[in-house]
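In what follows, a single structure is set out as structure tokens and then discussed.
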Amino acid sequence: MRSINELVRSELLDLQPYHVPVYPGMIKLDANENNYDFPEQVLEEVLSTIGGQTFGRYPDPSALQLRESLSRYTGVDRNRITVGNGSDELILDLMLAFAAGGKVVICTPTFTMYEIHAVIAGAEPVALPRKADFSVDPDAVIEAATRPGVKMVVLCSPNNPTGNTTPLEVTEKILKHTRAVVVLDEAYYEFCGETAVSLLDKYPQLVLLRTFSKAFGLAGLRLGYMLAGPEVTGIIQRVQQPFNVNAFTQQAAIRVLEWQPLFERRVRQICRSRDELFAAMRYLPGLTVYPSRANFLLFRTEMRAQQVFSGLLQRGVLVRLLDRPDLPSCLRVSVGRPEENLIFCNRLADVLRTG
Ligand code: PMP
């Protein structure tokens, strides 16, 4: 009998699954979530819209009301908005629709789901390293994007995990000189306020991805959305799962957008906390911390990153260990509530002092 592995593409056998370790009871600063409690009054409103039918009927497959709310929020026509079960789902859809059988140029280091979904979809990820300061070199991207077989380019601004943004002129230069689909991931848009929405009308191959998992604190309900021109939007509809965004999530997101000022205040607080944490970490010995426009900070340690990670874990704080070839000795910490940030900083100082 043939083994199951013989039935599987070799790229899939080699693929490392996206693994997120779970450590209950920790101060959780590992996943760039929003650590504030979901606001009670918004929760009450969401629950009041949930009737028995919400559970018994399929959700609105076109998520019309939600897309109308998103249209008011983004200023983009509702027919150019597609929703997904987290932006993760949309990344896979994009790969299936546009990249399968071709190559995807990914400006690394960045969010690793791009590489994983490229492989799953039968595309070949091609890593294009960012410069030493993590900025994107538009000429290098254009050169890579015009090589044979390249169907997609992936940019992320602010970039996870480096925290820096890509200026609009750089994105536009790339768009001007490539016919590949250009995916610009704006998952952390709300923390920096910079967007390429203004380029959507001019460049039909531009795709923006956003999420409710960060600024809006809905990571557990899984909602992402895509802003793109009519052609890309039409193609994505062919590969999408029907009913991909459940009824509960659709209602919650509509309410959240009605409470936008409340979430904006929290985002401003997180940005203030980020800048305070950055200032405090700069004084810690044996550590380099990188400036960030998002809700997390990347840092590099002279001590082995694994030792720093374990030392923090023993002291009740969970961060993300990134120690990998394109980010040696690096870790990433999410900006939590002020009291969590203080505890993190004190315990990090302790780890660096005592190991
Ligand atoms: N893009 C980036 C850049 C991210 O950092 C993340 C989450 N870590 C995602 C997309 C996925 O977001 P979602 O929860 O919407 O799937």
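The values are calculated or read from the model by the stated rules, or taken from the named source; none is laboratory data. Note that this is a predicted model, so its numbers are computed, not measured. When we count neighbours, we look across all protein chains shown, and the Cβ atoms used for this are built from the backbone with ideal geometry, even at glycine. When the accessible area is computed, the model is the full protein with side chains, heavy atoms only, and any ligands, DNA or RNA have been set aside. Shrake-Rupley method; radii C 1.70, N 1.55, O 1.52, S 1.80 Å.
Residues of the stretch 178-194 include at least one that is over 19 Å from Thr165 (Cα atoms) and of a type in the set (A, V, I, L, M, F, W, C).
Can you say whether Gln237 is open to solvent by 70 Å² or more (accessible area, probe 1.4 Å), in contact (Cβ under 8 Å) with a residue 60 or more places away in the chain and not in a loop (DSSP other than H, G, I, E, B), as far as the supplied structure shows? The answer is yes for Gln237. Within the stretch 100-126, if we keep just the residues that are within 16 Å of the ligand (Cβ to nearest atom) and part of a helix (DSSP H, G or I), the residue that is farthest from Val245 (Cα to Cα) turns out to be Glu115. Residue count for the stretch 18-29, restricted to those that are open to solvent by less than 100 Å² (accessible area, probe 1.4 Å) and either in a loop (DSSP other than H, G, I, E, B) or free of Cβ contacts under 8 Å to residues at least 24 places away in the same chain (or both): 7.
Can you say whether Pro291 is on the phi < 0 side of the Ramachandran plot and modelled with pLDDT under 95, as far as the supplied structure shows? No, not satisfied. Phe216 meets the conditions (1) within 16 Å of the ligand (Cβ to nearest atom); (2) surrounded by 23 or more Cβ atoms within 10 Å (Cβ to Cβ); (3) assigned to a helix (DSSP H, G or I) in every case but one. The failed one is (3). Meeting the requirement of 2 or more residues that are open to solvent by less than 40 Å² (accessible area, probe 1.4 Å), more than 21 Å from Gly163 (Cα to Cα) and of a type outside the set (S, T, N, Q), the helices (runs of 4 or more DSSP H) wholly within the stretch 254-355 are 305-314, 338-354. The residue that is farthest from Glu115 (Cα to Cα), counting only those in the stretch 85-98 that are small (Gly, Ala, Ser) and either within 12 Å of the ligand (Cβ to nearest atom) or in contact with a Phe, Trp or Tyr (Cβ under 9 Å, 6 or more places away or on another chain) (or both), is Gly86.
Just give me the residues in the stretch 182-194 being within 16 Å of the ligand (Cβ to nearest atom) and either more than 23 Å from Ala97 (Cβ to Cβ) or touching a Lys or Arg at 6+ places or on another chain (Cβ under 7 Å) (or both), in sequence order. Once the filter is applied, which keeps residues that are within 16 Å of the ligand (Cβ to nearest atom) and either more than 23 Å from Ala97 (Cβ to Cβ) or touching a Lys or Arg at 6+ places or on another chain (Cβ under 7 Å) (or both), the stretch 182-194 yields Glu186, Ala187, Tyr188, Tyr189, Glu190, Phe191, Cys192, Glu194. Within the stretch 211-228, residues that are free of Cβ contacts under 8 Å to residues at least 60 places away in the same chain have Cβ atoms under 6 Å from residues that are more than 9 Å from the ligand (Cβ to nearest atom) in these pairs: Phe212/Ala253; Leu221/Thr249; Leu221/Ala252, counting only partners at least 6 apart in sequence or on another chain. Screening the stretch 53-84 for residues that are within 11 Å of Tyr225 (Cβ to Cβ) and not in a helix (DSSP H, G or I) and picking the one that is nearest to the ligand (Cβ to nearest atom) gives Gly84. Applying the criterion of at least 3 residues that are of a type in the set (Val, Ile, Thr) to the strands (runs of 3 or more DSSP E) found wholly in the stretch 150-212 leaves 150-156, 181-185. Considering the stretch 219-257, and only residues there that are charged (D, E, K, R) and closer than 24 Å to Tyr188 by Cβ, the residue that is nearest to the ligand (Cβ to nearest atom) turns out to be Arg222.
Filtered by the rule that a residue be assigned to a loop (DSSP other than H, G, I, E, B) and open to solvent by 100 Å² or more (accessible area, probe 1.4 Å), the stretch 1-16 gives Met1, Arg2, Gln16.
In the stretch 127-149, the residue that is farthest from the ligand (Cβ to nearest atom) out of those that are closer than 27 Å to Arg293 by Cα and open to solvent by 40 Å² or more (accessible area, probe 1.4 Å) is Asp139.
For the criterion of being open to solvent by 30 Å² or more (accessible area, probe 1.4 Å), within 14 Å of the ligand (Cβ to nearest atom) and under 17 Å from the mean Cα position of the chain (by Cα), Leu209 fails.
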